[in-house]
Amino acid sequence: MSPELINLIVQATGESLYMVGLAALIGTAFGLPLGVFLATSRKGELFAAPVVNRVLGIVVNATRSTPFIILVVAIIPFTRLVAGTSIGSTAAIVPLTIASAPFIARLVEAAIREVDAGLIETASSFGASPIQIVLKVLIPEALPGLLLALTLAVVSLLGYSAMVGAVGGGGLGDLGIRYGYQRFMPEMMLAVVVVLIALVQLVQSAGDYLARRVNRRLRHR
Amino acid sequence: MKAASMNAHPSLAIGQPIETLEAISPAATAPDAMVRFEGISKTYPAYRGKPGVNALQNIDFAIPRGSITGVIGRSGAGKSSLVRLINGLERPTSGRVVVDNSDISALAGRDLRLAQRSIGMIFQHFNLLSSRTAADNIALPLEIAGWAKADIRARVAELLALVGIADKHDRYPSELSGGQKQRVGIARALATRPSVLLSDEATSALDPQTTRAILDLLANINRELGVTIVLITHEMSVVRQLARDVVVLDAGHVVESGHVADIFTHPKHPITQSFLAEVIGDSLPVSLASRIVSEPPAGGQAVIRVQVRGAGAGDTLVARLARELGLDVSLLSARIDEIGGQHVGSLTLGIPLGISSGEDATTRTLAWLSQYQFPAEHLGYVA
């Protein structure tokens, strides 16, 4: 493979990491609190607000059921408003974030719901406020699950990022389609797929490792 | 089965009077109560097709300061609701719960959280955070109360020593045994120096030996720190070993309350009697029961069961009966246990019928037992 092509792969990898990294970060910033709220706001729960819970649940489901490529196109005006442009890697972060935040929220919700309700009662019994319960009990106890959820979200974002070529977002997926498919360069397609596989492996292994390190539940037993 | 019951005398013959001690009393007459329930009812409304539940009704009693009080009842009797009213995890539908002279049922938000710091609670399944070491679990209520780091460190070391697991400082719950986990739970509950410690079936998940050790620890804590302990349990053995006062709950009502010794030497309600039976047993050994007949066989024995209630009751009963009536009394079966320092149990005696004066020996024995106010029951005869 020529040095120019290798250069293209390196550049695309950088774009992918940039988009996925930032989208995961911002998506978590929105998705984590949203997920915690979804997990704690049903009737009788810590932040009981059943109606808000319902409405947010519907919004999350609606976002998640919209095909990503349609979402990318549909929110172009919003993307332009936020990123100043609707084209390029930075602009692509907007739809990636909007797609990942509800996904992360649902994963966070599931992880938080795994925490034994007895622990919430226990913390309440010694006078912990709802915020203290979230920060000192729910999130630390759910941490292994949260790390695995975040890992899953990053891997999914790598897949989504292949589609942002549609708005000139660049990245590995875009490279694979333009060179590998449209210009019929199978070696380019293969190289892109190999890099993506390696990235997913790396992310998954790192996530598994971290989750295992913080999981005290099964140690020595 | 022929029954010549003589349970008419409610007072103890040989037992000592206990009225001199301060006992669980109606709320109105308890000036120095740690916890007072005043006309408490708790109703859970109907929800998603399930009918509403009257968990507690007209609860009125006080728990004396510094006491160890057992709340005993079958599952569904309302024990858990009762204990959760004390620390404000639940609110009464009507009535007041007064803890250490403040109406906890009227508090909310920050005021309630402050009050909760003076009420510790331990749980059946320990409820430790798996992500924190033993020391950090104990530190949690102190962090929540906003203690300084150095103060927390000193207090945690003190508590670990108090509950006897100073060497488990850095262990995670998954590395601890059930008994050790409950010790961490107890240390955590005591961290903020509460005046009341609530125990919700705290030994129900532990083996008998560990249960005994944990109950001993609770007794020490009550003695040395003066913490009032409220024990929720369905196990009579827990009440017997630890509590001085007892409240018997059934279907949301307090059916009996008072000193353990009083309640269980003279159980009135069927539920109380069934709890007592768990400890002392109320059935004869099968080998004996199957041999009992209703007509006196020649040369056989009359079978008389004597209830033993009170301190030292029954110690010399068989010897005195034999000596004073000149009978070769035999002991067919006996079970005596100690509850609140009082002996509780029953002796099953065999009275020889002799050659001709069979009914006479039986009558004399029953009269003698009646004279000394031992409730007795003539069960029949054995050959």
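Read-outs throughout are calculated quantities, based only on the coordinates presented, and are distinct from any laboratory measurement. Remember, it's a predicted structure, so these values are computed and weren't measured experimentally. Cβ sites come from the backbone with ideal geometry, for glycine too, and all protein chains shown count toward neighbours.
In what order do B:Lys50, A:Lys136 fall by count of nearby beta-carbon atoms within 10 Å, going from fewest to most?
Final ranking by Cβ density, sparse to dense: B:Lys50, A:Lys136.
If I model a spin label as a point 7 Å beyond the Cα along the Cα-Cβ vector, how far apart are those points for B:Tyr44 and A:Ser129 in nm?
Using points 7 Å along Cα→Cβ, the separation is 3.0 nm.
If you average the alpha carbon positions of the range B:73-116 and of the range B:256-282, how far apart do those two centres end up, in angstrom?
Result: 27 Å between the Cα centres.
What are the ³J(HN,Hα) couplings of the range B:95-104, residue after residue, when phi is run through the Karplus curve with 6.51, -1.76, 1.60 and θ = phi - 60°? Round to Hz, x for glycine and proline.
x, 10, 10, 9, 10, 6, 6, 10, 7, 5
Work out the mean other chain Cβ neighbour count within 10 Å for the residues of B:140-149 and drop it here as an integer.
Rounded to a whole number, the mean comes out at 3.
Which of rounded, prolate, oblate describes chain A, given a ≥ b ≥ c as roots of the alpha-carbon gyration tensor eigenvalues and a/c under 1.5 marking rounded, otherwise prolate only if a/b is larger than b/c?
Oblate shape, in that a/c is at least 1.5 and b/c is the bigger or equal ratio.
Which FRET efficiency value, to the nearest 0.05, is calculated for B:Ser94 and B:Ala148 with the Förster distance at 45 angstrom and r the Cβ-Cβ distance?
Rounded to the nearest 0.05, the efficiency is 0.60.
About the Cα centre of the range A:25-182, how large is the charge dipole given +1 on each Lys and Arg Cβ and -1 on each Asp and Glu Cβ? Please answer in debye to the nearest 20.
Using only the charged Cβ atoms, the result is roughly 380 debye.
Taking a point 7 angstrom from the Cα of A:Phe30 along the C-beta vector, which residues in the range A:98-131 have backbone N less than 14 Å away?
Inside the label zone: A:98-106.
How many nm separate the modelled label positions at B:Val286 and B:Ala383, each set 7 Å beyond the Cα in the direction of the Cβ?
2.1 nm
Largest first and to the nearest Å, give the Cα extent of the range B:228-288 along each principal axis.
Principal axes ranked by extent give 45, 23, 19 Å for the Cα atoms.
Amide H to amide H under 5 Å from B:Asp250: which residues, 5+ apart in sequence or cross-chain, H placed 1.01 Å off N in plane?
B:Val255
Hey, quick one: spin label on A:Arg178, modelled 7 Å out along Cα-Cβ, who in the range A:69-89 has an amide N within reach, i.e. under 17 Å?
A:86-89
Please compute, for peptide A:114-125, the average count of beta-carbon atoms on other protein chains lying within 10 Å of each residue's beta-carbon.
Rounded to a whole number, the mean comes out at 6.
On a full-extension model of 0.36 nm per residue, what is the gain between B:Ser330 and B:Ser370, subtracting their alpha-carbon distance, rounded to one decimal in nm?
Using 0.36 nm per residue and subtracting the Cα-Cα distance, I get 12.5 nm.
Between A:Val193 and B:Ala157, what is the FRET efficiency for a Förster distance of 60 Å, r being their Cβ-Cβ separation, to the nearest 0.05?
Between A:Val193 and B:Ala157 the formula returns 0.55.
Under 13 Å from the Cβ of A:Pro50, count the other residues' Cβ atoms, weight Lys and Arg +1, Asp and Glu -1, and hand me the total.
Summing Lys/Arg as +1 and Asp/Glu as -1 gives +3.
Which ordering of B:Lys181, B:Lys168, A:Lys43 is given by a fewest-first count of other beta-carbon atoms within 10 Å?
If I rank by nearby Cβ atoms, fewest first, I get A:Lys43, B:Lys168, B:Lys181.
If each residue's Cβ is checked for other Cβ atoms within 10 Å, how do B:Thr316, B:Thr203 rank with the fewest at the top?
B:Thr316, B:Thr203
Sort the range B:272-383 into rounded, prolate or oblate with this rule: let a ≥ b ≥ c be the square roots of the eigenvalues of the Cα gyration tensor; rounded if a/c is under 1.5, and if a/c is not under 1.5, prolate when a/b is larger than b/c, oblate otherwise.
In terms of gyration-tensor shape, oblate.
Take every residue in peptide B:120-129, count the Cβ atoms of other chains within 10 Å of its Cβ, and give the average of those counts.
4
Once you place label points 7 Å from the Cα toward the Cβ at A:Leu5 and A:Ile76, how far apart are they in nm?
Modelled inter-label distance: 3.3 nm.
Straight-line reach from B:Lys149: which lysines have Cα under 28 Å away, leaving out those fewer than 8 places along the same chain?
A:Lys136, B:Lys168, B:Lys181
Which value in deg cm²/dmol, rounded to the nearest 500, describes the helix-derived mean residue ellipticity at 222 nm for chain B, given -39,500 (n - 2.57) per DSSP H run of n ≥ 4 and division by the residue count?
Counting only the DSSP helices, I get -9500 deg cm²/dmol.
Could you name the aspartates and glutamates in cross-link range of A:Lys43, using Cα to Cα under 18 Å and dropping any fewer than eight places away on the same chain?
A:Glu109, A:Glu114, A:Asp116, A:Glu121, B:Glu90
First check a/c for the protein assembly as shown, with a ≥ b ≥ c the square roots of the eigenvalues of its C-alpha gyration tensor; if it is under 1.5, answer rounded, and if not, answer prolate when a/b is larger than b/c or oblate otherwise.
Prolate, since a/c reaches 1.5 and a/b exceeds b/c.
Given +1 on the Cβ of Lys and Arg, -1 on the Cβ of Asp and Glu, and no further charges, what dipole in debye does chain B carry about its Cα centre, rounded to the nearest 20?
For this selection, approximately 1040 debye.
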